[in-house]
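Undergrad: The structure follows.
The values are calculated or read from the model by the stated rules, or taken from the named source; none is laboratory data. The structure displayed is predicted, hence computed values, not measured ones. Neighbour counts are summed over all protein chains in view; Cβ atoms, including those assigned to glycine, are modelled from backbone coordinates with ideal geometry. SASA here: full protein model, heavy atoms, side chains in, ligands and nucleic acids out. Shrake-Rupley method; radii C 1.70, N 1.55, O 1.52, S 1.80 Å.
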Amino acid sequence: MSFKLSRSFIMGHNSHTSFADFTHAAQQAQQWVRELAGDLSWSEPSACRLLRCVLHTVRDWLSQAEMADLSAQLPVLVRGIYFEGWKPSVPACERTKRDFILSVRNSFGYDDEIDFNVAISAVFKLLDRHISHGEIVQVRNSMKKSLRKLWPVD
């Protein structure tokens, strides 16, 4: 059985809206990266790389339900970064603050000029500004107390 889609079905009547949505998604992601770069006085490519590394580490440390709840509040392109390379069958590693920081540092690439406590805290502050307070509380509370200290206080 063959299935042929018509051009009107493929293009859809909302093709301009879809493009506008894509443009808006790119602008949102760029805004997040610019904010993080400004917060840290870093270049945008470095800030983007840090955001990716921290998001991946957070993702891998959350339960799948909590991970999905957080992802629902991320801008669509940031959500794509969040899920990039995700392997749900891989168990999370130890959940200490030190191990979290090492995971981010190893993913980012070691740089002795970077204070990863400050860098990770900046990403958490970015999330705190853009994600609902209730979701941030759930994510923060799912982590060990030592790691919670990197999150902004209520």
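Undergrad: Can you pull the one-decimal nm distance between simple spin-label points at Ala68 and Phe83, each 7 Å off the Cα toward Cβ?
TA: 1.1
Undergrad: How much area per residue is accessible in the chain when the probe is 1.4 Å and only protein heavy atoms are counted (Å²)?
TA: Details: 9380 Å² over 154 residues.
Ligands and nucleic acids excluded, the result is 61 Å² per residue.
Undergrad: If each residue of separation counts as 0.36 nm, what is the full-extension length gain between Arg129 and Phe22 once their alpha-carbon separation is subtracted?
TA: Values: separation 107, 0.36 × 107 = 38.52 nm, distance 2.23 nm.
Computed gain between Arg129 and Phe22 is 36.3 nm.
Undergrad: Something else now. Quick check: at a probe of 1.4 Å, how many percent of the accessible area of segment 83-139 sits on carbon and sulfur atoms?
TA: Values: 1580 of 3290 Å².
C and S fraction of accessible area: 48 percent.
Undergrad: Could you check the simple spin-label distance between Asp112 and Arg148, using points 7 Å along Cα→Cβ, in nm with one decimal?
TA: Reported label-point gap for Asp112 and Arg148 is 3.6 nm.
Undergrad: In segment 64-154, which trypsin sites (Lys or Arg not before Pro) are in a loop and have at most 15 other Cβ atoms within 10 Å, using DSSP for the loop call? Working shown, then result.
TA: Details: sites: Arg79, Arg95, Lys97, Arg98, Arg105, Lys125, Arg129, Arg140, Lys144, Lys145, Arg148, Lys149; in loops: Arg95, Lys144, Lys149.
Listed in order of number, the matching sites are Arg95, Lys144, Lys149.
Undergrad: Run lengths n ≥ 4 of DSSP H only: what is the helix-derived mean residue ellipticity at 222 nm for the chain, with -39500 (n - 2.57) per run over all residues, to the nearest 500? Provide the component values of the computation, followed by the final result.
TA: Numbers: 9 runs with 105 residues, N = 154.
Result for the chain: -21000 deg cm²/dmol, rounded to the nearest 500.
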